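What follows is one structure encoded as structure tokens, with my remarks underneath.
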Amino acid sequence: MCIDNYFSTIVSGANASDNVFLPAPVMRAADMQPRDYSAYKAGMTVEHPKFGRGDVVAVNAGLAEIRFTAAGKKTLSLAFAPLTIVEK
């Protein structure tokens, strides 16, 4: 498929049999908004939509180390992780 057909297929819609795959959106550093990580502290309980509830073990340089009840220990970027603070 040539590039002109690719973009016209995206605009007009594609049939399932066309096997057209859209590129993933690219997030540039200029698009990101600075976030305040000071709300996250060791010892608090947070919730993640996929990993469930967990306790924050440490926060350092925008990364949070969290021990989730069901998913175990994970290190997540606070810039991207969809965390909700449950208990402070």
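Of all residues in the stretch 43-62, those that are among the aromatic types (Phe, Trp, Tyr) have Cβ atoms under 8 Å from Cβ atoms of residues that are surrounded by 14 or more Cβ atoms within 10 Å (Cβ to Cβ) and at pLDDT 95 or above, 6 or more apart or on another chain, in Phe51/Ile66; Phe51/Phe68; Phe51/Lys74. Scanning the stretch 53-74 for residues that are surrounded by 12 or more Cβ atoms within 10 Å (Cβ to Cβ) and in a strand (DSSP E or B) yields a total of 14. Out of all the residues in the stretch 28-35, is one or more at pLDDT below 90, touching a helix residue (DSSP H, G or I) at 6+ places or on another chain (Cβ under 9 Å) and either outside any loop (DSSP other than H, G, I, E, B) or of a type in the set (Gly, Ala, Ser) (or both)? No, every residue in the stretch 28-35 fails to be at pLDDT below 90, touching a helix residue (DSSP H, G or I) at 6+ places or on another chain (Cβ under 9 Å) and either outside any loop (DSSP other than H, G, I, E, B) or of a type in the set (Gly, Ala, Ser) (or both).
The values are calculated or read from the model by the stated rules, or taken from the named source; none is laboratory data. Given the structure is predicted, the values throughout are model-derived calculations rather than measurements. Glycine also receives a Cβ, built like all others from the backbone with ideal geometry; neighbour counts cover every protein chain displayed.
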